[in-house]
Amino acid sequence: MRTFAPSILAIAIATTSFVTPAFAQSEAAADEGLGEIVVTAQRREENLQDVPLSVDVVSGDKLAAINSGGADIRALAGRVPSLNIESSFGRTFPRFYIRGLGNTDFDLNASQPVSLVYDDVVLENPILKGFPVFDVARVEVLRGPQGTLFGRNTPAGIVKFDTVRPDSDQNYFKGSLGRFNSVGLETGIGGNLSENVSARVSGLYQRRSDWVDNIADPGSNDLEGYSDIALRGQLQFAPSEDIKLRVTGQYRDFKGTARVFRANMFVPGSNDLRGLSSATSEFERDKVWTDGLNFQRLKLANLAGTLEWDLGAATLTSVTSWWSGKYRSRGDIDGGFGASFLPVSGPGFIPFSANSRDDVPDLDQYTQEIRLSSNNDEGLKWQAGVFYFNEDLAIASYNYDTPTGTSPSVTATQQQSSKAWGVFGSLTYPVTEQLSLTAGARYNNDKRRLDVERGGFFGAIGTGFARVKDDNLTWDLSATYEASDDINLYARVAKGYRAPSIQGRALFVFTTVQDAISTADSETILSFEGGVKANLGNRARFNLSVYKYDLNDAQLTAVGGASNAAKLINADNVDGYGFEAEFEARPVDNLVLTAGLSYNRAKIDDPNAFITGCGGGCTVTDPVRAGSPGIYSIDGNQLPQAPKWSANWTAGYGIPVGSGSGEVYFFTDWAYRSKVNFFLYTSEEFNDDHMLEGGLRAGYRSDRVDIAAFVRNITNDVSAVGGIDFNNLTGFVNEPRIWGLEFGLKF
């Protein structure tokens, strides 16, 4: 459920009807139509319309708009068909879902079936995946298994970021001021230092004051503030026309509060949101009643080197990368104040206090990829390579009996070591002038070990370790048929794979040693996809993809419940099918319209899949296993955080001013998703019916300056986006309305 201001909604609808999106003249000259979109989804620069994949791109005005007001990577959710992003950690631990496939696991070693690739480097650990989006040329979303060229843990797809290169002359500065004292500064400066050397320095600074008032403390505005600094430096050497060596260093320093959880946010028996005083009071996003400590700190560092060597017939590419990170996050898990056995507690029924902390004392990830790809534009094209991955990860988890306690009653330390390597190759052959075939395969080998040691009240569960390993062959086969100069048809079948996983969270479990560590076998997916990509003259394009997949031995995480565990299970199958449709048009000069629509069915198909229900008084609607109260069947359930319907649309219009390149412009973007469930089981409370968020940006720009006012979540939609089912009906909601002013300068 949500609330909104009807008057603002009416303004937004009117804006969409009469202004509708545009990339004005800075995106393409008024008489050039839409122009070509270049992607690197197949590790080559290609026209989006020629790639036999379901791919979408976020760049230009759309990327600038959704990043307004201090937005983080979660702002991409819903802006691309079939893509959802959410987090119970806020800005530091995003969880990605494509075509319904993702992972709600909150553990700091959780694997996800959506891979995030930043400048050809896979970011495996969840704390790496929230690296800020700045000085980025484009974001590509590749839907469906990508197991050949991008490797393991890509059965759902990839979100791929390409940053601006050192030899680019796209120098800029942006500064913004917004609601809640939000400040944003971003810059990118680069170019040639000499004939053979170029460099680029870019950075981002974002901060927001605390704006959520904890009524348990005197004063006001205690939570949801943050400061975030991210830097990138690039140095490129080109000793000859055939060789380029780019060295990159990156750094992030985040400090703020953890996600604000709200005790008994849901009215029992429904998903209505309740206020702090009673179930009938109005929900207030800027107020909370909590007594626990809350903080979050993240530091990341990266060093990478990319070598491109043109050998004539082929190009040799080597990508070497090292990432390091440290993380601390503590939050009030019960989301409330006091407990039922204490003189004061609330809001609602709080059985007992729960405050926990999760740390990454040390993370080191090393990756190395070497690939060789042909340079020819005609005839047989090929590429082949090898990949190596090595990760060492330390995790420390603590539970505190008192909200502000510093001596934990439960401790758990985990040490994880992961190694993987792969060999891959792909061929593309033009059978005729119209028909082209692509085939690829990859051999994957994965090993992981997790050592766990526990102390405190549940120390009897003791220490232990688990090992998992597997090898697997993934592959894809696709065909592209040029039906006409403007219409391409394609079909694709692909096998994907997610490596086996281990979880060691058993902090609060009254159970046996055997249950203290859970493992999940590898999951595999077989996906069938077909589509059409059509240019409707040079003023419009329409792309449609239809897919069906079978996900076997699906890795699922039974999150939460009375034990607050995160236990891995394998379900026999997840049956999925759906479509994505995308439309873009420039019907008249200076006006650009886009729209996207997707349907995703992702249902569990396993009559023997049973899990425990919530531990906080929710109303579970799934069938109970015979003779096992509190154990429920999840067969036939839609996967969590997987809306069946999602839609997005944008509109931009530019009005030329004077005789120069200046224009007054308007841009609006909207995203809608249908109902989502928060857990594997279904209940009356832990879900949200739908969400509609929109933004508006208006201003003046020329070749050098851009001055704009912006509003994000313009209707102030209030929607639940997640829950904690540990000991009450705890939940958390989407970002509030943000408005502000931004100034940009190109030089």
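The values are calculated or read from the model by the stated rules, or taken from the named source; none is laboratory data. A quick note: this is a predicted structure, and the numbers were derived from the prediction, not measured. Neighbour counts are summed over all protein chains in view; Cβ atoms, including those assigned to glycine, are modelled from backbone coordinates with ideal geometry. Accessible surface areas use protein heavy atoms only, side chains included; no ligands, DNA or RNA. Shrake-Rupley method; radii C 1.70, N 1.55, O 1.52, S 1.80 Å.
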If packing is taken as the average count of other Cβ atoms within 10 Å, what order do 44-57, 711-724 fall into, highest mean first? 711-724, 44-57
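Which chymotrypsin sites (Phe, Trp or Tyr not before Pro) in the stretch 420-486 pass both tests, a DSSP loop state and at most 11 other beta-carbon atoms within 10 Å? Kindly include the intermediate steps, with their values, before the conclusion.
On the way: sites: 421, 424, 443, 457, 458, 465, 475, 481; in loops: 457, 458.
Qualifying residues, ordered by number: none.
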Share of the stretch 109-263's accessible area from carbon and sulfur, percent, 1.4 Å? 53
Hydrodynamic radius by Kirkwood for the stretch 691-747, inverse mean 1/r across distinct Cα pairs, in Å, is 13.8
Other residues with Cβ under 10 Å from the Cβ of residue 238 give, with Lys and Arg +1 and Asp and Glu -1, a net charge of -3
Given Cβ charges of +1 for Lys and Arg and -1 for Asp and Glu, the option among 557, 102, 516 whose Cα lies farthest towards the positive end of the dipole of the chain is 516
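In the stretch 702-747, carbon and sulfur make up what percent of the accessible area (probe 1.4 Å)? Before the final figure, lay out each step's value.
Numbers: 1040 of 1530 Å².
Ligands and nucleic acids excluded, carbon and sulfur reach 68 percent.
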When the charge dipole of the stretch 76-195 is computed with +1 on Lys and Arg Cβ and -1 on Asp and Glu Cβ about the Cα centre, the Cα farthest towards its positive end, among 147, 90, 116, belongs to 90
Let me know the charge dipole size of the stretch 270-363 about its Cα centre in debye, to the nearest 20, where only the beta-carbon of Lys, Arg (+1) and Asp, Glu (-1) is charged. 260
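Excluding ligands, DNA and RNA, what is the solvent-accessible area per residue of the chain at a probe of 1.4 Å, expressed in Å²?
On the way: 27730 Å² over 747 residues.
With the other protein chains kept in place, the chain gives 37 Å² per residue.
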Suppose a student asked you for the relative contact order of the stretch 547-682, using Cα pairs under 8 Å spaced at least 6 residues apart; what percent would you report? 22
Under 17 Å from residue 381, Cα to Cα: aspartates and glutamates that are on another chain or at least 8 residues apart: 45, 46, 50, 310, 433, 476
Against the longest alpha carbon principal axis of the chain, how many degrees, from 0 to 90 and to the nearest 10, is the axis of helix 6-18 turned? 20
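Could you give the size of the charge dipole of the chain about its Cα centre, using +1 on the Cβ of each K and R and -1 on the Cβ of each D and E, expressed in debye and rounded to the nearest 20?
Values: 68 positive and 90 negative charges, 208 e Å.
Magnitude of the dipole: close to 1000 debye.
With a ≥ b ≥ c the root eigenvalues of the C-alpha gyration tensor of the stretch 111-264, is it rounded (a/c under 1.5), prolate (a/b larger than b/c) or oblate? Kindly include the intermediate steps, with their values, before the conclusion.
Numbers: a/c = 3.16, a/b = 1.46, b/c = 2.17.
The shape class here is oblate.
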For residue 388 paired with residue 743, estimate the spin-label separation in nm (one decimal), with each label point 7 Å from Cα along the Cα-to-Cβ line. 5.1
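In the calculated pair distance distribution of the chain, what percentage of Cα-Cα distances lie above 33 Å?
Numbers: 139727 of 278631 pairs.
Of all Cα-Cα distances in the chain, 50 percent exceed 33 Å.
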About its Cα centre, what dipole magnitude does the stretch 174-218 give when the only charges are +1 on Lys and Arg Cβ and -1 on Asp and Glu Cβ, stated in debye to the nearest 20? 160
Rel. contact order, % - alpha carbon contacts under 8 angstrom, at least six apart, the chain: 15
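Tell me, what % of the accessible area of the stretch 317-356 is carbon and sulfur with a 1.4 angstrom probe? Don't jump to the answer; show the numbers that get you there.
On the way: 1000 of 1430 Å².
Answer for the stretch 317-356: carbon and sulfur cover 70 percent of the accessible area.
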Helix-only mean residue ellipticity at 222 nm for the chain, each DSSP H run of n ≥ 4 adding -39500 (n - 2.57), per residue, nearest 500: -1000 deg cm²/dmol
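Over 18 Å between Cα atoms, which of 160/469; 129/299; 495/548 qualify? Please list the in-between numbers first.
Numbers: 160/469 27 Å; 129/299 13 Å; 495/548 12 Å.
Exceeds cut-off: 160/469.
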